[in-house]
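A short worksheet on the structure shown next.
The values are calculated or read from the model by the stated rules, or taken from the named source; none is laboratory data. Here the structure is a predicted model, which is why all the values come from computation and not from measurement. A quick note on method: Cβ atoms are made from the backbone with ideal geometry, for glycine too, and the neighbour counts reach across all protein chains shown. Note: accessible area is taken over every heavy atom of the protein model, side chains too, but ligands, DNA and RNA are not part of it. Shrake-Rupley method; radii C 1.70, N 1.55, O 1.52, S 1.80 Å.
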Amino acid sequence: MIEEITPQLLFAALVLVIALSSALTLIASLVVQWRYRRRVLRAMAQTAGAAGWTPASAAPLAPRPVAVAPQAAAARFRHALKAPWRAAGRDAAAGVAFALVMSAAVGLAFPLLRTPAGIGLYAWGYAWPVVLALVLTGPGGARTAVVMVAAYFSPLLVLTLMAWASDTSSFSSGADVFALRSAITPATVARAWLLANVPPTVVLMLFLGRRLRAVGPLLLALVTTATAGFVVSALALLTDDGAALLAHAAELSGLGLPWLQIGSLVSSVALFGLLGWWSLQAIRRAWLRKAVNDRSLRLDALWLFFAGIYAMYYAPAGLAWATAPLLAFAAYKVAGAAVRRAFPPRPAVDARGLTFLRVFSLGRRSDRLFDALARHWRHVGAIQLITGPDVAHSTLQPHQLLDFLAGRLATHFIGDAISLERRMAERDTRPDRDGLFRINNFFCHADTWQVVLARLVHDGDVVLMDLRSFSVLNAGCAHELRYLANFVPLQRCVLLIDDATDQAFVRSTLEEAWGSLDPASPNRDASPDAVRLDRLQPGPAGLRQLLRRLSEAG
């Protein structure tokens, strides 16, 4: 039995909670994502069967009187490029506040390390989540990530060497110098950094990466709460008072002691699990009232997880010091709000919504393009799309995930005119407090997507159609292309191709559409041969070119 909660016991408990919850969350996330994707695919293949509801012919859109002014297009393009970096700068400033509080706690909890080089070394080590946050939520691709990681480690190496070669005059005794130099060497610093930062980095790259980020943070919160209940209950049963209480309950009830122990553990998991579910419902309400968004949830999950990891290493200094990382997280939130007030997000230049159409069979290629594009365009305007198997997991929103877990995902599918109008009215086209616009995803059945398509492109500002790998097998995309030609001014559309696109079929589809244009079509005076096809170039240059084209469209 244990007499009291010692620092060593707290350290072991935190390790158990983090390790167990991480493993269980990974399993749960994979299972939930797999079941969610299957459920979406099955519902997409079904027909709604809404009697009398057929794709009505939409009125063609009148062309805009003039093309987008070059100055406005250039301003929108600059905003799309710079706004994500400004947001990343605000996030980095808040992260620095976290690192400063943590490094100050090091100096207070461990006096031996209370030196400029030692504090600087730990501050830089605790700033690693800033880099990870920029990689996971900021703009830029793999090359940018490599540059940021290299920029991070260069000063860390300098600080390590400074701490190792500190002048003896800065310490009270030679024993302190010897102890410091024995503790702070390149090898030991590297080992400490790896132990503190690599495990949470690996876990978070799984949960917050593109594949699991829609379900990972929420499930991690739920599972961690339930796991904490299990560990707390187990520790309570191991105390003398807990064991005596359990023995008394066994005597009164006549039940065996093992059954009561199991029942206590299960009850604790259930109780804490309900607490976790209540927390997710609170997140849902905050999401719907725009207090949080997917980006802020990912960042909060990242910093909270690192705070939990760091708390383990403060436990040996005393139980009170284990709360220092939570204070650092509070500092991160306060600093973030202060920076946002001091440097508020600049409003979008003539905000423009984007309707994203694509070949579903592109799969991960489509998802990667959508992710890279959204990191920029969501600072310009909202994005709307029909959910498909390619982006079903990455566009899943908290309230939709919770409805899926509760068996209510069907309520999000559009099956008739009433549900379509309700969903159109629910679209979020206003920026959140961090300046980020939202993604409006539409769940459609096999016999409703054409009607939804008509509404989306009719009400949208700019239409991007990803025709990479487009061929005669993509009948749905061919219908979308014909619809755009007939009803939407093509100056508002950007048609994206690559080497795998069957360009001859694209041209023949356009010619077929021109052969049956509505007399009022905004494209009746144009020629199908004049329709511009934009080839997507690889890398950051290709993304910049695409952003420029989208800024000019409309």
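Worth pointing out:
- Cβ-derived FRET efficiency at R0 51 Å, L194 paired with R37, nearest 0.05: 0.90
- Taking 0.36 nm per residue of sequence separation and removing the Cα-Cα distance, the L473/E511 pair yields an extension gain of 11.9 nm.
- Accessible surface comparison of I386, I119, probe 1.4 Å, protein chains only, largest first: the order is I119, I386.
- Distance-filtered residues of the range 257-290 - backbone nitrogen under 16 Å, label point 7 angstrom along V232 Cα→Cβ: 264-280
- Accessible area (Å², 1.4 Å probe, nearest 10) - T25: 0 Å²
- Multiplying the residue separation of S279 and T144 by 0.36 nm and removing their Cα-Cα distance gives an extension gain of 45.1 nm.
- Using the average count of surrounding beta-carbon atoms within 10 Å as a protection proxy, the listed peptides 429-436, 38-45, 480-487 rank, highest first, as 480-487, 429-436, 38-45.
- Largest to smallest accessible area among S527, S551 [probe 1.4 Å]: S527, S551
- Backbone HN-Hα couplings from phi across the range 308-317 [Karplus 6.51/-1.76/1.60, Hz, Gly and Pro as x]: x, 5, 5, 4, 4, 7, 8, 4, x, 7
- Projected label distance in nm at A45 and R544, using a 7 Å step from Cα toward the beta-carbon: 4.5 nm
- Förster radius 22 Å - calculated FRET efficiency between M424 and D518, Cβ distance, rounded to 0.05: 0.45
- For A317 and D447, a Förster radius of 45 Å and the Cβ-Cβ distance give a FRET efficiency of 0.10, rounded to the nearest 0.05.
- Multiplying the residue separation of S527 and R346 by 0.36 nm and subtracting their alpha-carbon distance yields 61.2 nm.
- Local electrostatic count at A478 - Lys and Arg +1, Asp and Glu -1, tallied over other residues with Cβ under 13 Å: -2
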